Amino acid sequence: MIEVNIDTYVNVAEADEYVGKYYLDTDEKSAAWLALTEAQKEAALRKSAMAIDSVMYPGRKKDSEQEMEFPRCYKNGYYFPLSWYETYTKEGGAWHCMAEVPEKIKHAQVEEALEMACPSGDSTDYEVFNGTLRSFSIGNLSENYEAGYGGSINTVKMCLRSKRAQRWMGRYAGGGFDVN
């Protein structure tokens, strides 16, 4: 059984509610999700949470003992609205910490799980991004693939298949933050 804040950001009931709220019953992704067993849904949510947490995000975990990457803290001037954060002074500066895991992160996890349940063109794009053919030779048959590009935003693209999840998680992976 999956546990919120241990190996997932959302439970199966929350994922089911999200799918019911944002997808028509006739949508392929909705049908694929509904066809999964409880155990399969848990596995997809666990795997999508692992994909989200495999990105290196700026700042630090809110609590060094927490299992998941979110909620997070950012030092001094970070680019999110301060209304999203609890603010306190510690370790030589003002830290702005997320009060809880933002809804968009939970939504991104469900979208990534849906992409696993019903692969779309996003998965094809993911494969292309993570394995661009650089060269091909016929003599002694050789193929060389380019590695994915560096950078936080591109790391999101390397880890997540769903375009919607990539867009939502990209805001947390990079941007203007204090480097002093």
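No lab work stands behind these numbers, since they all come straight from the coordinates. Only a predicted model underlies this, so the values are computations on that prediction, with no experimental measurement involved. For neighbour counting, all protein chains shown are included, and Cβ atoms are generated from backbone atoms with ideal geometry for every residue, glycine included.
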Taking θ = phi - 60°, what integer Hz values does the Karplus form 6.51 cos²θ - 1.76 cosθ + 1.60 yield along the range 52-61, in sequence order, with x for Gly and Pro? 4, 6, 7, 7, 8, 9, x, x, 8, 4
Using alpha-carbon positions, the gyration tensor of the range 9-81 gives root eigenvalues a ≥ b ≥ c; with a/c under 1.5 called rounded, otherwise prolate if a/b exceeds b/c, else oblate, the class is prolate
Spacing of the two label points (7 Å from each Cα toward its C-beta) at Met1 and Asp63, in nm: 2.0 nm
How far apart, in nm, are two points set 7 Å out from the Cα along the Cα-to-Cβ line at Cys118 and at Ala99? 3.5 nm
Among the listed pairs Lys41/Lys75; Lys21/Lys163; Lys41/Lys157; Lys29/Lys62; Lys29/Lys75, which are separated by more than 29 Å between their Cα atoms? Lys41/Lys75; Lys29/Lys62; Lys29/Lys75
